[in-house]
Amino acid sequence: TAYSLAAIVAGYLLGSLSFAVIISRLMGLHDPRTYGSGNPGATNVLRSGNKAAAILTLAFDALKGYVPVVLILLFGEPYGLGAGTAALVGVAAFVGHLWPVFFKFEGGKGVATAAGVLLGINPWLGLATLLTWVIIAVFFRYSSLASITAAVFAPFYQLLIWGAGPVAGAVLLMSLLLIWRHSANIRKLVAGTESRIGQKAAPGA
Ligand code: G3P
């Protein structure tokens, strides 16, 4: 319908707000695309040494996935918008983060945004996935490894506990894109050169 199309476009535009870049700019920090992994995401902003900027990036990148999904679930019904559309709008926000229209289509890896989308679609699915991330992050101290592992598990949680359907399709699609966006991280993990959480970017690197 026209309503679902409008919601999907709005989700994409919201997702296109690359908060790593926006918040760094507002706080007078270097552009995260110029240091560390070069990724506009909370993990890389943390490499600047500014924890507040990293936390704000994480929060806003997650909210841009969470808010549109929850708005559809709360207010979509009179317009014929249900859980399926909510999942699609979440995917649209995620896609916006990966290929932002406002930033030459050069975006991030989608971890925080996917987490927000999952929490919005199904808080238990979101929490189980977040817990997976935290366990791997605590044991191995690699943000990327935690993200990849969580992305592998999320579709299984969804399928095994809640079954197949549009939500499972959305979760699977986000997981595949997210893992693919971590190709460089996977190479670094294998080579043993991936940076650990809290490790700052070498100046100028
Ligand atoms: O936030 C994405 C994370 O999983 C990896 O980020 O900067 O280490 O490539 P980064």
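The values are calculated or read from the model by the stated rules, or taken from the named source; none is laboratory data. For clarity, every value in this text was computed on a predicted model and none was experimentally measured. Because the Cβ atoms are built from the backbone with ideal geometry, glycine has one as well, and the counts that use them run over all protein chains shown. Side chains are part of the model used for accessible areas, which takes the heavy atoms of the whole protein and leaves out ligands, DNA and RNA. Shrake-Rupley method; radii C 1.70, N 1.55, O 1.52, S 1.80 Å.
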Just tell me which lysines come within less than 22 Å, Cα to Cα, of Lys188; anything on the same chain fewer than 8 places away is out. Lys109, Lys200
Leading residue at positive end of dipole, the range 6-138 (Cβ point charges), from Phe103, Asn44, Tyr12: Asn44
Hey, got the dipole for the chain? About the Cα centre, +1 on K and R Cβ, -1 on D and E Cβ, debye to the nearest 20? 660
Using θ = phi - 60° and Karplus 6.51 cos²θ - 1.76 cosθ + 1.60, couplings along the range 142-148 (whole Hz; Gly, Pro as x): 10, 4, 5, 5, 5, 5, 5
Quick one: how many Å² of Tyr3 are accessible to a 1.4 Å probe, rounded to 10? 130
Give the accessible area for Thr34 in Å² (nearest 10); use a 1.4 Å probe, count only protein heavy atoms, and leave out ligands, DNA and RNA. 90
Per residue solvent-accessible surface (Å²) - the range 1-120, probe of 1.4 Å: 45
If you plug each phi of the range 65-74 into the Karplus form 6.51 cos²θ - 1.76 cosθ + 1.60 with θ = phi - 60°, what whole-Hz ³J(HN,Hα) values come out, in order, with x for Gly and Pro? x, 6, 4, x, 4, 5, 4, 5, 5, 7
Of Phe19, Phe105, Phe94, which has the most accessible area and how do the rest follow, probe 1.4 Å? Phe105, Phe19, Phe94
Roughly what angle does helix 2-15 make with the longest principal axis of the chain, taking Cα atoms, 0 to 90 degrees, to the nearest 10? 10
Expressed in angstrom and rounded, the centroid-to-centroid distance over alpha carbons for the range 161-205 and the range 1-79 is 17
Any idea how far apart Ile161 and Thr193 come out in nm if each label point goes 7 Å out from Cα toward Cβ? 3.8
Pairwise FRET efficiency - Tyr3 versus Lys104, Cβ, R0 = 35 Å, nearest 0.05: 0.70
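If you roll a 1.4 Å probe over the range 1-141 with all protein chains in place, what percent of the accessible area is carbon or sulfur? List each step's numbers first, then the result.
Values: 5010 of 6780 Å².
C and S fraction of accessible area: 74 percent.
Please list, by residue number, every one of the trypsin sites (Lys or Arg not before Pro) in the range 12-114 that is coil in DSSP and has at most 15 other beta-carbon atoms within 10 Å. All intermediate terms of the calculation are to be shown ahead of the outcome.
Values: sites: Arg25, Arg33, Arg47, Lys51, Lys64, Lys104, Lys109; in loops: Arg47, Lys104, Lys109.
Listed in order of number, the matching sites are Lys104.
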